[in-house]
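Worksheet: one structure, shown below.
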C-alpha cells in the first residue's frame with residue numbers, strides 16, 4: 001500500500017501544500033567555482049544530494065520541467081530528464097539565472113510529442129565529449145558530429161534538432177556497420193548518447209545496417 005505521512009499532529013500543522021507548475025524553463029547555473037548539485041527533493045540541504053552526485057558546473061544551461069515555490073517564497077526546479085532538483089537562490093544569493101526564450105540558443109517546445117534541442121547546447125555537449133562538427137544543414141534541420149574510437153572506428157551522430165531524433169552510425173563488434181535511431185526528449189538524453197553512442201534511451205529505436213546516415 002506504500003508509506004504514509006500526516007498533515008496534522010495534535011492540532012499542529014506539520015505539512016503545507018505547495019503548488020507545482022508544469023512547463024519548460026531555461027536557466028543557467030550561477031554559482032562560480034563549485035556549480036550546483038542535484039537534490040533528491042526541493043531543498044538546499046547538502047545531505048539531500050543525489051547519490052551518485054550529479055553536478056552542473058557554473059554557467060551550464062539546464063532545462064526545468066517542474067517549478068515549486070514553498071511557503072517561504074523559495075523556488076526550486078526539477079531538471080528535465082532527471083528526478084533531481086535545483087534551487088534558484090540560497091542565503092539571498094541567486095544560484096540559477098533565468099534565460100529568456102530565444103536567447104543564447106534556448107528554444108524549446110512545450111509539446112510533449114515534440115522535443116527541440118537547442119543548437120548551442122547540442123554543440124556544447126558534443127565538444128564536451130570530444131565530438132567534431134562535420135555538417136550543419138539548416139534546411140534539413142540536422143547537425144552532425146564524428147569521433148574516432150579504437151573499438152568502433154569512425155562514429156557519427158546526426159542530431160535532428162527540431163524533432164529530437166538522433167541517429168548514430170558505428171561498427172558493432174559482431175554485427176558490423178549499423179545505425180540506431182532514437183528519440184531524445186531532453187538534453188540529458190542527448191548527453192547520454194554523446195557519452196555512449198550505444199546507450200538505449202528506452203524511447204524506441206530502430207537499426208538499419210549498411211545504410212549511411
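The values are calculated or read from the model by the stated rules, or taken from the named source; none is laboratory data. Predicted model only: the values in this text are computed from it and were never measured. Here Cβ is always computed from backbone atoms with ideal geometry, including for glycine, and neighbour counts include all displayed protein chains.
Regarding residue 154, is this residue over 26 Å from residue 32 (Cα atoms) and at pLDDT 85 or above?
Working: over 26 Å from residue 32 (Cα atoms): yes; at pLDDT 85 or above: yes.
When the stated conditions are applied, residue 154 passes them.
Quick grid of which residues meet (1) assigned to a strand (DSSP E or B); (2) over 18 Å from the mean Cα position of the chain (by Cα); (3) touching a residue at least 24 places away in the same chain (Cβ under 8 Å); (4) not assigned by TED's automatic domain parsing to the domain that holds residue 56:
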position: 136; (1), (2), (3), (4): yes, yes, no, yes
position: 154; (1), (2), (3), (4): yes, yes, no, yes
position: 181; (1), (2), (3), (4): yes, yes, yes, yes
position: 188; (1), (2), (3), (4): no, no, yes, yes
position: 193; (1), (2), (3), (4): no, no, yes, yes
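Assess whether residue 132 counts as being modelled with pLDDT of 90 or more and within 30 Å of residue 171 (Cβ to Cβ).
yes
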